[in-house]
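Participant: Structure in structure tokens, see below.
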Amino acid sequence: MNTKPETQNPEQRLLFVTGIGTEIGKTVCSAVLTKYFKADYWKPVQSGDLHHSDSMKITDWVGENVVCHPETYRFQLAASPHQSAFEENKVINLNQFKIPKTQNNLIIEGAGGLMVPLNDQDFMIDLIEKLSIPVALVVRNYLGCINHSLLSILALNQRKIKLEYLILNGNFPPDSERIICKNIQPETKIIRIPDIEDITPETIENTTKQLEKIE
């Protein structure tokens, strides 16, 4: 079911940021995209770090004027969402997720990768499919990243979920980058985001300014 909200802005951009795994820089990339597209931000599920959530990081890095919509689910335990929910005697219900109503562009950040479980039946890719919006897949270089990247691309293709952007986060060996980029559709656009050692509002803004034009 398509839950895309009705909007009077036909140019509105909705984008779901996911990754090939954990700890690959989804939140940093989401901050850059939020800044670049002058977008709102939404984290549907926050597991752990409630004292410094991803929404709080986006506010710190992008600026206090950014609109961060409330999470649908917030859990204390820093773990897979299905486990975090279980620890609080809760079950994540896919039907509870509704895209926030906004006339602005909207960046949505998932938790972990595509096959992170939300409950015993549904995974992050099921949420993306339900929301029916295109994906930005964040890739970072490490041993195994080619395998994880191609499996993620394959899963998106099997579900007929549009891969709008492939985000290469950090430096890549040419051979790794070539193999990954050869396996995306011709219409998928590539975004290159350099390593950001010290994440501050200034470095996020500078990175945004250095990006090539994103269409």
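The values are calculated or read from the model by the stated rules, or taken from the named source; none is laboratory data. Note that the coordinates shown come from a computational prediction; the quantities given were computed from them, not determined experimentally. Glycine also receives a Cβ, built like all others from the backbone with ideal geometry; neighbour counts cover every protein chain displayed. Ligands, DNA and RNA are stripped out before the accessible areas are found, and what is left, the full protein with its side chains, is counted by its heavy atoms. Shrake-Rupley method; radii C 1.70, N 1.55, O 1.52, S 1.80 Å.
Participant: Give, as a single signed number, the net charge of other residues whose beta carbon lies under 13 Å from the beta carbon of Ile24, with Lys and Arg counted +1 and Asp and Glu -1.
Facilitator: So the surrounding residues net to -1.
Participant: Using the Karplus curve 6.51 cos²θ - 1.76 cosθ + 1.60 with θ = phi - 60°, what ³J(HN,Hα) values do you get for each residue of segment 99-104, in whole Hz, with x for Gly and Pro?
Facilitator: 4, x, 7, 7, 8, 7
Participant: Asn93 to Arg159: extension gain in nm, 0.36 nm per residue of separation minus the Cα-Cα distance?
Facilitator: 21.7 nm
Participant: Now for a different question. Around Leu114, which amide H atoms from residues at least 5 apart in sequence, or from another chain, sit under 5 Å from its own amide H, with H modelled in the peptide plane?
Facilitator: For Leu114, whose amide H was placed from the backbone, the distant partners under 5 Å are Gly19.
Participant: Please list 3J(HN,Hα) in residue order for segment 69-81, calculated via the Karplus relation 6.51 cos²θ - 1.76 cosθ + 1.60 where θ = phi - 60°; whole Hz, with x for glycine and proline.
Facilitator: Each residue of segment 69-81 in turn: 6, x, 5, 6, 10, 10, 10, 6, 6, 7, 7, 4, x Hz.
Participant: What fraction of the Cα pairs in segment 95-215, stated in percent, has a spacing above 23 angstrom?
Facilitator: Distances greater than 23 Å cover 38 percent of the Cα pairs.
Participant: With only alpha-carbon pairs counted, each pair once and no self-pairs, how large is the Kirkwood hydrodynamic radius of the chain in angstroms?
Facilitator: Kirkwood radius, the chain: 17.5 Å.
Participant: Which entries in the list Lys160/Lys189; Lys101/Lys130; Lys98/Lys213; Lys43/Lys98; Lys38/Lys189; Lys162/Lys189 go over 23 Å, if you measure between the two C-alpha atoms of each?
Facilitator: Lys98/Lys213
Participant: Bin by bin, in steps of 10 Å, what percent of the Cα pairs in segment 7-74 do you find, going until the bin that has the longest distance?
Facilitator: Over segment 7-74, the share of Cα pairs per 10 Å bin runs 19, 54, 24, 3 percent.
Participant: Note down the accessible area of Leu151, probe 1.4 Å, to the nearest 10 Å².
Facilitator: 100 Å²
Participant: Then there's this: Tell me the per residue accessible area of segment 51-106 using a 1.4 Å probe; a whole number in Å² is fine.
Facilitator: Counting only protein heavy atoms, the per-residue value for segment 51-106 is 61 Å².
Participant: Oh, and also: Put +1 on the Cβ of every Lys and Arg and -1 on every Asp and Glu Cβ in the chain; which of Ile108, Leu50, Trp61 then has its Cα farthest towards the positive end of the dipole?
Facilitator: Ile108
Participant: Once you have the Kirkwood Rh of segment 122-191 from its Cα pairs, apply Stokes-Einstein at 37 °C and 0.692 mPa s and quote D in µm²/s.
Facilitator: 263 µm²/s
Participant: Okay, helix-only estimate at 222 nm for the chain: each DSSP H run of n ≥ 4 adds -39500 (n - 2.57), divide by all residues, round to 500 deg cm²/dmol; what do you get?
Facilitator: Rounded to the nearest 500, the figure is -9000 deg cm²/dmol.
Participant: Binned at 10 Å from 0, what are the whole-percent values of the Cα-Cα distance distribution for segment 48-123, short to long?
Facilitator: Each 10 Å bin holds this share of Cα pairs: 16, 47, 31, 6.
Participant: On full extension of the chain, what length is gained from Gln83 through Thr22, given 0.36 nm per residue of separation minus the C-alpha to C-alpha distance?
Facilitator: 20.4 nm
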